[in-house]
Amino acid sequence: MVIVIAFLSTRGGGFATNDMLEPSTTVGDQSATEVARECRTGADANERQDCRIVAVVNSVQRYWSDTFARSGVTYRPARTQLFSNRTYSGCGPASSATGPFYCPADETVYVDLTFFDALSQPPFNAAGGPFAQAYVIGHEYGHHVQNLLGRSAGADRQGATSGSVRLELQADCYAGVWAANAVSTGFVTEITPEDIAQGLDAAAAVGDDRIQESAGGRSNPDSYTHGTSAQRQRWFQRGYDTADPTACDTFSGRI
């Protein structure tokens, strides 16, 4: 798959840097040093999923590090673990059914590489694509930002207006903010409308209502934990349009 930016379409562009791998990133049983030898250039990122994810991670963390610094706050990078099928985290064991997730106990984002294939299959049925993957990664690092800012309270509740839904929608918004600023990080050369369309499609695919209905059931707002497809798209788009994390206040007013 050819990527335009950290993940995108197939027209022009590409990754802009050579040393894409941060020391805190590991892939399966490989050490960061071993992966660094294999994921060095934009061409590597455009051709290999693991290298592309590493580049997206580096871009996301650079954006948030710079953003925190402008506010006089130190950003503590999240560790990154790429895995397939199963892994163990500070939050307990996880399998491919879990998908990518953030564990606040060890401040690590766990990215299940098999999830990106599953995203294009039932119950998600997303179109997929490189930027769909980037959206997922940006969302998970949004949870790390929330953890650093102490905004995770109430995430254990569920329902259409619950703290859990508001937390997830804010992470979607943060993913959009990063996408709007990705080129400035130096790891991405361009973001196209096609890329954003992939992100919006992925956001819709993981909406509570769509997943419940695709699985053969009825949409039940009382059981929502992440928000509807429309909400997830709206908040990702809001983040992208404003390019400003202060516009991502999902905890005040209607969502």
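Numbers below:
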read-out	value
Test: residue 141 is touching a Gly at 6+ places or on another chain (Cβ under 9 Å), closer than 26 Å to residue 252 by Cβ and modelled with pLDDT of 90 or more	no
Close pairs (7 angstrom Cβ cut-off, 6 or more residues apart or separate chains): without any contact (Cβ under 8 Å) to a residue 12 or more places away in the chain and among the polar types (S, T, N, Q) in segment 57-73, crowded, with 24+ Cβ neighbours inside 10 Å and part of a helix (DSSP H, G or I) anywhere	none
Where a residue in segment 92-107 is within 17 Å of residue 82 (Cβ to Cβ) and its partner, wherever it lies, is surrounded by fewer than 17 Cβ atoms within 10 Å (Cβ to Cβ), with Cβ under 6 Å and at least six apart	95/86; 96/85; 96/114; 103/90; 103/91; 106/90
Residue within segment 104-112 that is aromatic (Phe, Trp, Tyr) and at pLDDT below 95 present	yes
Elements of type strands (runs of 3 or more DSSP E) contained in segment 82-172, each with 3 or more residues being within 18 Å of the chain's Cα centre (by Cα) and crowded, with 19+ Cβ neighbours inside 10 Å	108-112
Flag if residue 78 is among the hydrophobic types (A, V, I, L, M, F, W, C) and under 17 Å from residue 152 (Cβ atoms)	yes
Residue list for segment 207-255, restricted to those being hydrophobic (A, V, I, L, M, F, W, C), part of a loop (DSSP other than H, G, I, E, B) and modelled with pLDDT of 95 or more	243, 248
Every pair of residues 6+ apart whose Cβ atoms lie under 6 Å, when the first sits in segment 207-225 and is touching a residue at least 60 places away in the same chain (Cβ under 8 Å) and charged (D, E, K, R) while the second is in a loop (DSSP other than H, G, I, E, B) and surrounded by 14 or more Cβ atoms within 10 Å (Cβ to Cβ)	222/159
Close pairs (9 angstrom Cβ cut-off, 6 or more residues apart or separate chains): of a type in the set (Phe, Trp, Tyr) in segment 178-197, assigned to a loop (DSSP other than H, G, I, E, B) and surrounded by 19 or more Cβ atoms within 10 Å (Cβ to Cβ) anywhere	187/5; 187/6; 187/16; 187/20
Residue in segment 211-225 that is surrounded by 22 or more Cβ atoms within 10 Å (Cβ to Cβ) and touching a Leu at 6+ places or on another chain (Cβ under 9 Å) present	no
Among (1) among the charged types (D, E, K, R); (2) within 18 Å of residue 242 (Cβ to Cβ); (3) free of Cβ contacts under 8 Å to residues at least 60 places away in the same chain, the one test that residue 166 misses	(3)
Where a residue in segment 226-250 is surrounded by 15 or more Cβ atoms within 10 Å (Cβ to Cβ) and its partner, wherever it lies, is at pLDDT 95 or above and not in a helix (DSSP H, G or I), with Cβ under 6 Å and at least six apart	228/207; 229/207; 232/207; 239/248
Residue match in segment 177-193 (condition: part of a helix (DSSP H, G or I), modelled with pLDDT under 95 and of a type in the set (S, T, N, Q))	yes
Checklist (1) surrounded by fewer than 17 Cβ atoms within 10 Å (Cβ to Cβ); (2) over 22 Å from residue 102 (Cβ atoms); (3) modelled with pLDDT of 55 or more applied to residue 46, failing item	(1)
Which listed residue is farther than 21 Å from residue 78 by Cα and in contact (Cβ under 8 Å) with a residue 60 or more places away in the chain, from 138, 128	128
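The values are calculated or read from the model by the stated rules, or taken from the named source; none is laboratory data. These numbers were taken from a predicted model, which means no experiment stands behind them. With ideal geometry, Cβ positions are generated from the backbone for all residues, glycine too; neighbour counts draw on all protein chains shown.
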